[in-house]
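These notes are about the structure you will find just below.
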Amino acid sequence: MKKLVEISLGVVTSVGGFLEVGSVATAAQAGATFGFQLIWAVVLGTICIIFLVEMAGRFAAVSHHTISDGIRERFGFNVFLWPLLAALLVNFMVLSAEIGGVAIALELATGIGFQWWALPVAFLAWLLLWKGTFGFIEKGVSILGLVTLCFVVGAVMLKPDWTAVAAGAVPSLPAHNAANYWFMAVSILGASISPYLFMFYSSGAIEDQWDKSYLGANRAIAGLGMTFGGAISIGVLIVAALVLATHGINQVNDYHQLPLMLISVFGFWGFVLFVASLAIACFGAALEVGLQQAYLVAQGFGWNWGEDRKPCDNPGFSAVYTVSLLLAAIPITLGLDPLRLTIFSMALTAASLPLTVVPFLFLLNDERYVGEHRNGIISNTAVILIIALGFVLAVVTIPLQIFGGT
Amino acid sequence: MAHQTPALTFSGRHLRLDFLCLLLLLGMSAGCSSSDPIEQQSRTAASAAQTVSMLLDAWMGGAAPFAYTAGTLQSVSKTLADAEAQIRSAGTAEPAKQAALTAAVKDMSVAVARAQAGLQAGNRAEVQNAQQDLRLASRSLSTAYSRYFAPKP
């Protein structure tokens, strides 16, 4: 019975914590510009993150190592430095984008410019990390994040052509704007397969003192939680396609356009739901990414770490999330467009995935760490193929997007 | 619960390489652009106009609050001004058709400014008139766009 409660709570946490600024922005842009045609990218990204999260939990439960610990121990610090720096840089951009997402939600609610909200948001996030426990961070905000289910409700209420939705789950070539199509596909993959998601999950498993008895629960949480989470992203895409695209809004360049998706379905409450969804989802993600930065550095340099410990007992760990939050708030305070930052950071995430995922796959195939619980051929193949696809698309489309292309 | 991993050392050479990598990535993120600004900016302007139209409908129906509506109009007016400037400055072999596109986007900006004024004054009739102007400007943009990108004989 206790396990069942833990699984349910884990699934709810995964669902509530799935949506963040990247998945909202990329799914909305994809739906507005390409209708249902990019649903396949969300499906692929979700499949990949299911495998990675399951692996991260299994690795932590069996080896009692976090991913960062394992990579550094197995390959040495000089090799670990590359994934460390890649993850820190990508996480920094994602953290900045998440703070920007909360700031935009507050601008939508109050009319006060988003730049003014970045530092207060970062301060509030810091305060919660400083005073809160891991359970509070992990479950509290994620449960509030269930408000994002309004996108699924909205999608169902709009009565989409489910055959067309299913057809969108099959990859197809774009009829127009090819470079933008593939760039959007990369951004969606990056938003779905953010390294912070599975790295945070592995640190969380250690914080929660998982052992082999959690392997079943881990599989259920990864499978069900991420599947339902992916369904929310698809919900955003469907609503964007049916509301924005049908009203002739084919370009989403501004967060101000996004509340119209839910206003059209729920009226004034749609506005409230959108603002709440964006604020809670992004704030939850900002807490997780801020914490993940601290986990990465503390685990990489051999410092004490643990969110449940008092800050004075692990000063390095606390200092990292403090500095990370402060630095990440600066670009938004200076007026950097959160939407552009979001889309670009998601594409960069996809490009950086091999650096973090490939060493991790080696660990999952190393008997010294996972013994009989090694990866099977299906999970290895699926993850390698999807990561390779994301990497190739990112390498091709990011320069196209920057230096010109239509 | 606290956790600890063994302390480690690293060499300065790696940091220099990573710093170069960081600079490269930051340079890459400096900006995004399209090779055909006229096409891109025309689409952006058309979407912006549709956004305003939908927004004003929502505001008049009581579904969009004032602060959000005002903020969105302000943001869209910047988008339109930027689109107009980019279309105007783009190099083209057909300046007359380019001018028609620029004029249509300019009309959109004027309509949005009128909507902003109506909103601030709480004048629904003025907002409805602005919406009408915006629809006309959108039609002009659509026509100008079709002419600009029509296949050459």
Extreme residue, most open to solvent (accessible area, probe 1.4 Å), among residues of the stretch A:183-209 that are of a type outside the set (Gly, Ala, Ser) and within 14 Å of chain B (Cβ to nearest Cβ) = A:209
Would you please list the contacts, defined by Cβ atoms under 9 Å and residues six or more apart or on different chains, that run from a residue in the stretch A:64-81 that is acidic (Asp, Glu) to a residue that is open to solvent by less than 10 Å² (accessible area, probe 1.4 Å) and in a helix (DSSP H, G or I)?
-> A:69/A:202; A:69/A:299; A:69/A:300; A:73/A:80
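Considering only the stretch A:152-187, state which residues are closer than 24 Å to residue A:390 by Cα and β-branched (Val, Ile, Thr).
A:165, A:170, A:186
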Residue list for the stretch A:295-332, filter: within 12 Å of another protein chain (Cβ to nearest Cβ) and under 17 Å from the mean Cα position of the chain (by Cα) | A:295, A:296
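Residue check: is residue A:171 more than 29 Å from residue A:273 (Cα to Cα), not in a helix (DSSP H, G or I) and not acidic (Asp, Glu)?
On the way: more than 29 Å from residue A:273 (Cα to Cα): yes; not in a helix (DSSP H, G or I): yes; not acidic (Asp, Glu): yes.
Spelling it out, residue A:171 is indeed more than 29 Å from residue A:273 (Cα to Cα), not in a helix (DSSP H, G or I) and not acidic (Asp, Glu).
For the subset of the stretch B:47-70 comprising residues that are at the interface with chain A (Cβ under 7 Å from one of its Cβ atoms), part of a helix (DSSP H, G or I) and among the hydrophobic types (A, V, I, L, M, F, W, C), which member is farthest from residue A:108 (Cα to Cα)?
Step one: of the stretch B:47-70, the residues at the interface with chain A (Cβ under 7 Å from one of its Cβ atoms) are B:47, B:50-51, B:54-55, B:58, B:62-65, B:67-68, B:70.
From what's left, part of a helix (DSSP H, G or I): B:47, B:50-51, B:54-55, B:58, B:67-68, B:70.
With among the hydrophobic types (A, V, I, L, M, F, W, C) added as a condition, the list becomes B:54-55, B:58, B:67, B:70.
Working: B:54: 16, B:55: 13, B:58: 15, B:67: 7, B:70: 10 Å.
The qualifying residue farthest from residue A:108 (Cα to Cα) is B:54.
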For the stretch A:236-274, how many residues are open to solvent by less than 20 Å² (accessible area, probe 1.4 Å) and assigned to a helix (DSSP H, G or I)?
-> 19
The one condition residue A:148 fails out of (1) without any contact (Cβ under 8 Å) to a residue 12 or more places away in the chain; (2) surrounded by 24 or more Cβ atoms within 10 Å (Cβ to Cβ) is (1)
Given the conditions (1) of a type outside the set (Ser, Thr, Tyr); (2) within 11 Å of chain B (Cβ to nearest Cβ); (3) open to solvent by 10 Å² or more (accessible area, probe 1.4 Å), report the number of the one that residue A:219 does not fulfil.
-> (2)
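Please go through the stretch A:309-322 and pick out each residue that is of a type outside the set (Gly, Ala, Ser) and surrounded by 14 or more Cβ atoms within 10 Å (Cβ to Cβ). Explain how you work it out, then say what you get.
Of the residues in the stretch A:309-322, the ones of a type outside the set (Gly, Ala, Ser) are A:309-315, A:317, A:320-322.
Residues satisfying the conditions are A:309, A:311, A:314, A:317, A:320, A:321, A:322.
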In the stretch A:68-99, residue farthest from residue A:20 (Cα to Cα) [restricted to those that are buried (at least 19 other Cβ atoms within 10 Å of the Cβ) and among the small types (Gly, Ala, Ser)] = A:70
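Every residue, every condition in (1) crowded, with 17+ Cβ neighbours inside 10 Å; (2) polar (S, T, N, Q); (3) under 18 Å from the mean Cα position of the chain (by Cα), yes or no:
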| position | (1), (2), (3) |
| --- | --- |
| A:352 | yes, yes, yes |
| A:355 | yes, no, yes |
| A:362 | no, no, no |
| A:366 | no, no, no |
| A:369 | yes, no, no |
| A:372 | no, no, no |
| A:375 | yes, yes, no |
| A:380 | no, yes, no |
| A:385 | no, no, no |
Condition set touching a residue at least 60 places away in the same chain (Cβ under 8 Å) and not in a helix (DSSP H, G or I), scope the stretch A:346-389, selection farthest from residue A:182 (Cα to Cα): answer is A:366
Quick one: residue A:287 ticks every box in (1) surrounded by 24 or more Cβ atoms within 10 Å (Cβ to Cβ); (2) within 12 Å of chain B (Cβ to nearest Cβ); (3) in a helix (DSSP H, G or I); (4) modelled with pLDDT under 95 except a single one, so which number is it?
-> (2)
When every residue in the stretch A:160-211 that is farther than 26 Å from residue A:287 by Cα, among the polar types (S, T, N, Q) and in contact with a Ser or Thr (Cβ under 8 Å, 6 or more places away or on another chain) is compared, the one modelled with the highest pLDDT is A:180
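Restricting the search to the stretch A:25-52, which residues are closer than 22 Å to residue A:172 by Cα, among the β-branched types (Val, Ile, Thr) and either within 15 Å of the chain's Cα centre (by Cα) or modelled with pLDDT under 85 (or both)?
The answer is A:26, A:42, A:43, A:46, A:47, A:49.
For (1) under 30 Å from residue A:270 (Cβ atoms); (2) surrounded by fewer than 16 Cβ atoms within 10 Å (Cβ to Cβ); (3) out of contact with any Cys (no Cβ under 7 Å at 6 or more places or on another chain); (4) among the polar types (S, T, N, Q), each residue gets a yes or a no:
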residue: B:60; (1), (2), (3), (4): yes, yes, yes, no
residue: B:65; (1), (2), (3), (4): yes, no, yes, no
residue: B:73; (1), (2), (3), (4): yes, no, yes, no
residue: B:80; (1), (2), (3), (4): yes, no, yes, no
residue: B:84; (1), (2), (3), (4): no, no, yes, no
residue: B:87; (1), (2), (3), (4): no, no, yes, no
residue: B:93; (1), (2), (3), (4): no, yes, yes, no
residue: B:96; (1), (2), (3), (4): no, yes, yes, no
residue: B:99; (1), (2), (3), (4): no, yes, yes, no
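Which residue is surrounded by the fewest Cβ atoms within 10 Å (Cβ to Cβ), if the candidates are limited to the stretch A:333-345 and must be within 14 Å of chain B (Cβ to nearest Cβ) and assigned to a helix (DSSP H, G or I)? Can you show your working first?
Going residue by residue through the stretch A:333-345, those that are within 14 Å of chain B (Cβ to nearest Cβ) are A:335-345.
Then keep just the ones that are assigned to a helix (DSSP H, G or I); that gives A:338-345.
On the way: A:338: 28, A:339: 22, A:340: 16, A:341: 22, A:342: 30, A:343: 27, A:344: 24, A:345: 26.
So the residue we want is A:340.
The values are calculated or read from the model by the stated rules, or taken from the named source; none is laboratory data. Please read these numbers as outputs of a predicted model, since none were measured by experiment. Virtual Cβ from ideal backbone geometry, glycine too; neighbours counted across all protein chains shown. The accessibility values were calculated without ligands, DNA or RNA, using every heavy atom of the protein model including side chains. Shrake-Rupley method; radii C 1.70, N 1.55, O 1.52, S 1.80 Å.
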